[in-house]
1. Within the range 71-96, can you find the residues that are part of a strand (DSSP E or B) and either without any contact (Cβ under 8 Å) to a residue 12 or more places away in the chain or in contact with an Asp or Glu (Cβ under 8 Å, 6 or more places away or on another chain) (or both)?
2. Go through (1) surrounded by 11 or more Cβ atoms within 10 Å (Cβ to Cβ); (2) more than 19 Å from ILE13 (Cα to Cα); (3) acidic (Asp, Glu) one by one and return the number of the condition ASP97 breaks.
3. Kindly indicate whether ALA123 is closer than 21 Å to LEU69 by Cβ and surrounded by fewer than 16 Cβ atoms within 10 Å (Cβ to Cβ).
4. Got a number for residues in the range 97-147 being without any contact (Cβ under 8 Å) to a residue 12 or more places away in the chain, of a type in the set (A, V, I, L, M, F, W, C) and assigned to a helix (DSSP H, G or I)?
5. Checking TYR19 against (1) crowded, with 17+ Cβ neighbours inside 10 Å; (2) of a type outside the set (A, V, I, L, M, F, W, C); (3) at positive phi, which test does it fail?
6. For residues that are surrounded by fewer than 18 Cβ atoms within 10 Å (Cβ to Cβ) and more than 19 Å from the chain's Cα centre (by Cα), tally how many sit in the range 58-89.
7. So, LEU107, is that one at pLDDT below 90 and of a type in the set (A, V, I, L, M) or not?
8. Could you tell me which residue of the range 126-178 is nearest to ASN65 (Cα to Cα), considering only residues that are of a type in the set (Phe, Trp, Tyr) and within 22 Å of the chain's Cα centre (by Cα)?
Amino acid sequence: MIKFYSLIWLRWIVFLGVYTVAVSLFLDFFLTLFVYIKKGFPSLNEEVLDALKTVFKINFYIVFNISFLISIFLAFKHIFYVCTDNYNFVLLNCKGDEEIDVTFSELVKVFRKFLFALIWLSAVAVLMVSIVARFVFGFTSMSQWFNIYILISIVILNVYLILFIMPHRCKKVKVRRC
């Protein structure tokens, strides 16, 4: 079963990463194009290209974070459709006895529990990392070491733990042979 959880976690990471970057680049390209059009199609000299690159970089950080949040939900939905190592996650009805189709409305109920656990585990992990950074490495401020990449890494690692816990704590999610 550890192989199943590891493979499903890796699929989740790949789906999350590819979808987040692809959607971010796509939306950011069109936002930058919109700015270029809004300014009246100026000639593409070096100054205008530098300005468009700057607009692209600034927009990318914003769009990346928004698409990352949406991607967490879509990647969560994706793990219910994947058969990995002859196992998969299934969504059960309220009584917990028969499988139901994975729809957005049914998945939202389970995703709230997933997101709640993810937020709390991430908060605990940040607190523990802050304590270690303070007493082991001597950092006095979070701004010296904490950035978005550490937070995303903490979220990704916590999902692995949640995937283990979810079938045991949530009555609507079980692991079955496929």
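The values are calculated or read from the model by the stated rules, or taken from the named source; none is laboratory data. Quantities reported herein were computed from a predicted structural model and do not represent experimental measurements. Because the Cβ atoms are built from the backbone with ideal geometry, glycine has one as well, and the counts that use them run over all protein chains shown.
1. Answer for the range 71-96, where residues must be part of a strand (DSSP E or B) and either without any contact (Cβ under 8 Å) to a residue 12 or more places away in the chain or in contact with an Asp or Glu (Cβ under 8 Å, 6 or more places away or on another chain) (or both): VAL90, LEU91, LEU92.
2. Among (1) surrounded by 11 or more Cβ atoms within 10 Å (Cβ to Cβ); (2) more than 19 Å from ILE13 (Cα to Cα); (3) acidic (Asp, Glu), the lone unmet condition for ASP97 is (1).
3. On the way: closer than 21 Å to LEU69 by Cβ: yes; surrounded by fewer than 16 Cβ atoms within 10 Å (Cβ to Cβ): yes.
Against the criterion (closer than 21 Å to LEU69 by Cβ and surrounded by fewer than 16 Cβ atoms within 10 Å (Cβ to Cβ)), ALA123 qualifies.
4. 11
5. (3)
6. Matching residues across the range 58-89 total 4.
7. Numbers: at pLDDT below 90: yes; of a type in the set (A, V, I, L, M): yes.
Criteria met by LEU107.
8. Narrowing the range 126-178 to residues of a type in the set (Phe, Trp, Tyr): 135, 137, 139, 145-146, 149, 160, 164.
The next check asks that each one be within 22 Å of the chain's Cα centre (by Cα); those that pass are 145-146, 149, 160, 164.
Values: TRP145: 20, PHE146: 16, TYR149: 11, TYR160: 21, PHE164: 26 Å.
Among those that are of a type in the set (Phe, Trp, Tyr) and within 22 Å of the chain's Cα centre (by Cα), it is TYR149.
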